[in-house]
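Student: Here's a structure for you.
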Amino acid sequence: MKTSGNTILLTGGGSGIGRELARRWHDAGNTVIVTGRTEGSLAATGEGRSQLHARVLDVTDPEAVATFAERIISEFPALNVLVNNAGIMPLEDVAQPRDLGPAEDCIATNLVAPIRLTDALLAHLKSVDDAVIVNVSSGLAFVPLVRAAVYSATKAAIHSWTESLREALVDRVEVIELAPPAVQTELTPGQSTRAGYMPLDEFIDEVMDLFAKVPTPAFIGVQRVRALRDAEVEGRYEQVFGMLNAPVT
């Protein structure tokens, strides 16, 4: 992936990892379009940055995605990078009967939406030079967090889908997986100040260094996520699973 001169569409750009990636990519010399459901938070992401554009989009609405894809290609014909970043993380007790609305919303946002938006933009991406798809998974794709079981499952599915997509698009579109560890954002309440989570600025610094490598790694994983990603292959899965899911005292 080029470090500059791209036109990048990034979902979930109103806060957290998405906001900071958008800003860094803009400041490196890229045109960036961020989407999300809240106009105010998107505007805050782009404040003071002339080539960072905000567009409201509910990625779980099929009709809205189809209309948006047509419009964004017309408005930004140089679009060559799609970053599927939007996601939600409901915490739940899967051992109890419950309202499945949050779980269904999680699947729609984290898994179905990236597939749908990618499908809507794929013909265009295949027609342009230097095309890239970046899918944001999670360290929890490799070792699940029981109290976020559905979230973990969606991220495992994103990892699997990305592997298949990369092979299907070889030599036509570059496909990259970005797998964050636990980062200090507001993905869950209070997470932005939670001890032991990776500070957001440190995470973004390390990620941008990885994106700058030539060639760009197919898997963008900071050092902190390796404990999860490599747990099974290194024979540490049960140990890491137990530590991750140990009762909070």
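The values are calculated or read from the model by the stated rules, or taken from the named source; none is laboratory data. Just so it is clear, the structure is predicted and the values come from calculations on it, not from any experiment. Neighbour counts run over all protein chains shown; Cβ positions are idealised from the backbone, glycine included.
Student: Which one of these is in contact (Cβ under 8 Å) with a residue 40 or more places away in the chain and out of contact with any helix residue (DSSP H, G or I) (no Cβ under 7 Å at 6 or more places or on another chain): 195, 168, 212?
Tutor: 212
Student: Next question, about the same structure. Within the group 194, 166, which residue is surrounded by fewer than 19 Cβ atoms within 10 Å (Cβ to Cβ) and modelled with pLDDT under 95?
Tutor: Being surrounded by fewer than 19 Cβ atoms within 10 Å (Cβ to Cβ) and modelled with pLDDT under 95 holds for just one of 194, 166, which is 194.
Student: Pairs please, first residue from region 40-69 and part of a loop (DSSP other than H, G, I, E, B), second anywhere and of a type in the set (A, V, I, L, M) and exposed (fewer than 14 other Cβ atoms within 10 Å of the Cβ), Cβ atoms under 6 Å, 6+ apart in sequence or on different chains.
Tutor: 58/64
Student: Among 102, 90, which is on the phi < 0 side of the Ramachandran plot, surrounded by fewer than 19 Cβ atoms within 10 Å (Cβ to Cβ) and in contact with a Cys (Cβ under 9 Å, 6 or more places away or on another chain)?
Tutor: 90
Student: Would you confirm, using the coordinates I've provided, whether residue 113 is assigned to a loop (DSSP other than H, G, I, E, B), under 21 Å from residue 21 (Cα atoms) and not acidic (Asp, Glu)? Write out each step before concluding.
Tutor: On the way: assigned to a loop (DSSP other than H, G, I, E, B): no; under 21 Å from residue 21 (Cα atoms): yes; not acidic (Asp, Glu): yes.
Taking the combined requirement at face value, the residue does not satisfy it.
Student: Taking into account only those residues within region 197-225 that are in contact with a Gly (Cβ under 9 Å, 6 or more places away or on another chain) and within 21 Å of residue 144 (Cβ to Cβ), which is surrounded by the most Cβ atoms within 10 Å (Cβ to Cβ)?
Tutor: Residue satisfying both the conditions and the ranking: 225.
Student: Mind telling me which of the residues 207, 175 ends up being touching a strand residue (DSSP E or B) at 6+ places or on another chain (Cβ under 8 Å), within 23 Å of residue 17 (Cα to Cα) and assigned to a helix (DSSP H, G or I)?
Tutor: After ruling out the rest, the residue left standing is 207.
Student: Tell me which of these residue 242 doesn't satisfy, since it passes every other one: (1) at pLDDT 95 or above; (2) assigned to a loop (DSSP other than H, G, I, E, B).
Tutor: It is condition (2) that residue 242 fails.
Student: Tell me which of these residue 163 doesn't satisfy, since it passes every other one: (1) assigned to a loop (DSSP other than H, G, I, E, B); (2) over 21 Å from residue 92 (Cβ atoms).
Tutor: (1)
Student: Tally time: how many residues in region 178-191 are surrounded by 15 or more Cβ atoms within 10 Å (Cβ to Cβ) and outside any strand (DSSP E or B)?
Tutor: Here the count works out to 9.
Student: Hey, among the residues in region 10-47 that are farther than 24 Å from residue 115 by Cα and either among the hydroxyl-bearing types (Ser, Thr, Tyr) or at pLDDT below 95 (or both), which one's surrounded by the most Cβ atoms within 10 Å (Cβ to Cβ)?
Tutor: Restricting to residues being farther than 24 Å from residue 115 by Cα and either among the hydroxyl-bearing types (Ser, Thr, Tyr) or at pLDDT below 95 (or both), the top hit is 45.
Student: Hey, another quick one. Considering each residue of region 125-148, count those that are in a helix (DSSP H, G or I) and buried (at least 19 other Cβ atoms within 10 Å of the Cβ), and give that number.
Tutor: Residues flagged as in a helix (DSSP H, G or I) and buried (at least 19 other Cβ atoms within 10 Å of the Cβ) within region 125-148 amount to 5.
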